[in-house]
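Asker: A single structure is presented below for examination.
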């Protein structure tokens, strides 16, 4: 039995697993997908990502936003940022954190979906459907971390209040000639342009 089990293999679960394993804990992580083969998608994070990770994730950084341009019908203003926001490739971050977690000793099991959860007398009992091994397994754990996102199955099964979510559309676009890649542009005119991120 692992000392700590984690359900969810995105950035939060993998980084938590890495930190716990590095601190000497026995950690097992379950995720419904293969954490080394996640979909490509960019995310915008603050420069504090460096402080959290303890290093600059160069392999994952696609762009750095160091200026915000605001436009209205009568005025425009450019605001330089003291610290740039980072546009990172989520898949590269996940792969990097997965390698770090594996190197620290985390057991990562992909293709595993949580199907049942209950609080026992001295441990949390949960059931995992393992599609890679084509079987259902029961586990018990003293500590179970739910890192399975905003629509957390663990939170739902445990009866915790759910959070409201907002979908975000992302697109990779070709910059027009003369545009700065490090600028986020925001227009406050309905019907013209809404938001553009370099």
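The values are calculated or read from the model by the stated rules, or taken from the named source; none is laboratory data. Note that the structure is predicted; figures quoted are calculated from it, not measured. Methodologically, a virtual Cβ is constructed for each residue, glycine included, from the backbone with ideal geometry; neighbour enumeration extends over all protein chains shown.
Asker: Across the range 53-75, what is the number of residues that are loosely packed, with under 11 Cβ neighbours inside 10 Å and not in a loop (DSSP other than H, G, I, E, B)?
Answerer: So in the range 53-75, the residues loosely packed, with under 11 Cβ neighbours inside 10 Å come out as 54-55, 58, 73-75.
Restricting the remaining residues to those that are not in a loop (DSSP other than H, G, I, E, B) gives 58.
Going through the range 53-75 one residue at a time, the tally reaches 1.
Asker: Further question on the same structure: Mind counting the residues in the range 117-136 that are touching a strand residue (DSSP E or B) at 6+ places or on another chain (Cβ under 6 Å), modelled with pLDDT of 90 or more and surrounded by fewer than 14 Cβ atoms within 10 Å (Cβ to Cβ)?
Answerer: Result for the range 117-136: 1.
Asker: Here is a follow-up. Among the residues that make up the range 87-100, is at least one of them surrounded by 14 or more Cβ atoms within 10 Å (Cβ to Cβ), in contact (Cβ under 8 Å) with a residue 60 or more places away in the chain, more than 27 Å from residue 22 (Cα to Cα) and touching a strand residue (DSSP E or B) at 6+ places or on another chain (Cβ under 9 Å)?
Answerer: Checked against the condition, which is being surrounded by 14 or more Cβ atoms within 10 Å (Cβ to Cβ), in contact (Cβ under 8 Å) with a residue 60 or more places away in the chain, more than 27 Å from residue 22 (Cα to Cα) and touching a strand residue (DSSP E or B) at 6+ places or on another chain (Cβ under 9 Å), the range 87-100 yields at least one hit.
Asker: Scan 80, 84 and give me the residue that is over 25 Å from residue 23 (Cα atoms), crowded, with 16+ Cβ neighbours inside 10 Å, modelled with pLDDT of 90 or more and over 19 Å from the mean Cα position of the chain (by Cα).
Answerer: Only one candidate qualifies: 84.
Asker: Among the residues of the range 14-43, how many are touching a strand residue (DSSP E or B) at 6+ places or on another chain (Cβ under 8 Å), closer than 29 Å to residue 83 by Cβ and exposed (fewer than 15 other Cβ atoms within 10 Å of the Cβ)?
Answerer: Within the range 14-43, residues that are touching a strand residue (DSSP E or B) at 6+ places or on another chain (Cβ under 8 Å), closer than 29 Å to residue 83 by Cβ and exposed (fewer than 15 other Cβ atoms within 10 Å of the Cβ) number 2.
Asker: For the range 142-198, which residues satisfy the criterion of being within 20 Å of residue 126 (Cα to Cα), in contact with a strand residue (DSSP E or B) (Cβ under 7 Å, 6 or more places away or on another chain), assigned to a loop (DSSP other than H, G, I, E, B) and modelled with pLDDT under 85?
Answerer: 152, the sole residue that qualifies.
Asker: How many residues does the range 101-127 contain that are in contact (Cβ under 8 Å) with a residue 60 or more places away in the chain and under 23 Å from the mean Cα position of the chain (by Cα)?
Answerer: Looking only at that region, the number is 12.
Asker: When residues of the range 128-153 are filtered for being at positive phi and in contact (Cβ under 8 Å) with a residue 12 or more places away in the chain, how many remain? Step through it out loud before you land on a result.
Answerer: Quick first cut of the range 128-153, residues at positive phi only: 134, 149.
Adding the requirement that they be in contact (Cβ under 8 Å) with a residue 12 or more places away in the chain leaves 149.
Residues meeting the conditions: 1.
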